[in-house]
C-alpha cells in the first residue's frame, strides 16, 4: 500500500503541531539533507515552458529514497480561480521502486520555501536583523513572514505589492499576531529602505527589475525567491555584482535564477558548503549577501520525508492501492479479473 496525503492532511499536520513547530521541523529536515549533499544523485529540473507558464519535474535520490515533484508556475491562473503554483510529489523506496508516499505539495512547497529562506538567512543575514521588506504579497507571502517571525525573531515586516488587494489580504491574516508589526509601504524603494533583510516573492514570468542597486544598503541580506525559471528575474544585475552570492544547485541556478544574467565566470557559493563549514557565509556586518533561491529538488525530498514521518506520528493519510498486490507477481493480467472470450466469427453476407 501507498500512503496518500491530501491538502486536508497537511492542514491537519499544521493545526495539530502548530505552524511554528512545522517550520522548525522543516528547517531541520532540509538542513540535515543539505549536510548530506554529496550522497545525492542530483540534476536540474526538467521543464516545459510556454507563453502561459511552466510545468516542471524535480527528481532526486539518495541510496535509500527517490523523490520527485510535479509543479507548475502560471501567473495568470489567479484570473481562473487557480493557484499560480500547484504541486504533487512522490517518495519511493530505491531498493524496490515501491512508492511509499504520494502527497499534495502546493501547501507544502510554500512551507518548505519559507523554511529554506530562513535556513539561508540564519547563516547570511546579520545576527541583529529585526526587520524585513517583503516584496510580493501573494500566496507565498504569509509563509515567508511567519517563518521569519517565528524562527528568526523578525518583528517588523515592510510590505509592498503592485496589487493593493494582495497586501490587504496578508494584513488581514497577520495583523493581530502579537510581537509582529506590519507596515504597508507605497513602493518597493519605500519598503526596503532601512530593512535588514529583503525577500522578493513576485510571480511575473518575465525579466523584471524589482530591486535596483541604489535600493541596497550595506549589511543587507536579500532572498531572491521569485526569479526561478529562464527569462524570469527580480534583481538588477548590479545587485548581484555588489553582493556575495549563494545558490542551491549551481547548474540549475545558472539558467533559472537571477544568476542567469551573469557571465559563466561570475563567482557563487553553493549553500551546502556554508552549512558544512567548507565556505564562509557573511564575512562582515557591512557585507551585502544574496541567496538566489530558485527551489531545488532536495528541499522537496526533505519535505516529503517530513510529511511521511508526521503522517505516521499523527495517524493521518489513507492507504491506496496504486500498485497491485499479487500472490504471483508475474500474473499481472490476472489483476484485471477478466474472462477471455473468443472474438465472434463474422458471417459473410
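The values are calculated or read from the model by the stated rules, or taken from the named source; none is laboratory data. Just so it is clear, the model here is predicted, and its values are computed rather than measured. With ideal geometry, Cβ positions are generated from the backbone for all residues, glycine too; neighbour counts draw on all protein chains shown.
Just to check your reading of the model, which residue among 43, 67, 48 is surrounded by fewer than 13 Cβ atoms within 10 Å (Cβ to Cβ) and touching a strand residue (DSSP E or B) at 6+ places or on another chain (Cβ under 9 Å)?
48
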- Item | Unmet criterion (only one of (1) modelled with pLDDT under 95; (2) touching a helix residue (DSSP H, G or I) at 6+ places or on another chain (Cβ under 7 Å); (3) part of a helix (DSSP H, G or I)) for residue 203 | (3)
- Message: Condition check: over 15 Å from the mean Cα position of the chain (by Cα) and buried (at least 21 other Cβ atoms within 10 Å of the Cβ). Does residue 128 satisfy that?
- Response: no
- Looking only at segment 54-64, which residues are farther than 16 Å from residue 250 by Cα and buried (at least 19 other Cβ atoms within 10 Å of the Cβ)? 54, 56
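Here are some residues: 224, 194. Which one is in contact with a strand residue (DSSP E or B) (Cβ under 9 Å, 6 or more places away or on another chain) and crowded, with 23+ Cβ neighbours inside 10 Å?
It is 224.
Give 193, 122, 158 a once-over and let me know the one that is closer than 30 Å to residue 305 by Cα and touching a helix residue (DSSP H, G or I) at 6+ places or on another chain (Cβ under 9 Å).
After ruling out the rest, the residue left standing is 122.
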- Please indicate, with yes or no, whether at least one residue in segment 267-277 is at pLDDT below 95, surrounded by fewer than 21 Cβ atoms within 10 Å (Cβ to Cβ), at positive phi and in a loop (DSSP other than H, G, I, E, B). no
- Message: Against the conditions (1) outside the structural domain of residue 275 (by TED's automatic domain parsing); (2) surrounded by fewer than 22 Cβ atoms within 10 Å (Cβ to Cβ); (3) assigned to a helix (DSSP H, G or I), where does residue 118 fall short? Just the number, please.
- Response: (2)
- Go through (1) in contact (Cβ under 8 Å) with a residue 40 or more places away in the chain; (2) under 13 Å from the mean Cα position of the chain (by Cα); (3) within 19 Å of residue 249 (Cα to Cα) one by one and return the number of the condition residue 70 breaks. (1)
- Query: Which residue pairs have Cβ atoms under 8 Å apart, sit 6 or more places apart or on different chains, and have a first residue in segment 163-186 that is on the phi > 0 side of the Ramachandran plot and a second that is modelled with pLDDT of 95 or more and part of a helix (DSSP H, G or I)?
  - Reply: 179/149
- Note on the structure: residue 253 vs (1) outside any strand (DSSP E or B); (2) modelled with pLDDT under 95; (3) crowded, with 24+ Cβ neighbours inside 10 Å: all pass except (2)
- Message: Restricting to segment 153-165, count the residues that are surrounded by fewer than 19 Cβ atoms within 10 Å (Cβ to Cβ), touching a strand residue (DSSP E or B) at 6+ places or on another chain (Cβ under 9 Å) and not in a loop (DSSP other than H, G, I, E, B).
- Response: 2
- Query: So which of 285, 349, 339 ends up being outside the structural domain of residue 46 (by TED's automatic domain parsing), exposed (fewer than 14 other Cβ atoms within 10 Å of the Cβ) and at pLDDT 95 or above?
  - Reply: 285
- Query: Within the set of pairs 6 or more residues apart or between chains, which connect a residue that is free of Cβ contacts under 8 Å to residues at least 60 places away in the same chain inside segment 29-45 to a residue that is surrounded by 12 or more Cβ atoms within 10 Å (Cβ to Cβ) with Cβ atoms less than 6 Å apart?
  - Reply: 39/62; 41/61
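Yes or no: residue 96 at negative phi, in the same structural domain as residue 310 (by TED's automatic domain parsing), assigned to a loop (DSSP other than H, G, I, E, B) and within 18 Å of the chain's Cα centre (by Cα)?
no
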- Query: Can you find even one residue in segment 138-145 that is surrounded by fewer than 23 Cβ atoms within 10 Å (Cβ to Cβ), in contact (Cβ under 8 Å) with a residue 60 or more places away in the chain, outside any helix (DSSP H, G or I) and in contact with a strand residue (DSSP E or B) (Cβ under 8 Å, 6 or more places away or on another chain)?
  - Reply: no
- Task: Check residue 263 against each of (1) modelled with pLDDT of 95 or more; (2) outside any loop (DSSP other than H, G, I, E, B); (3) closer than 26 Å to residue 231 by Cα and name the one condition it does not meet.
- Result: (2)
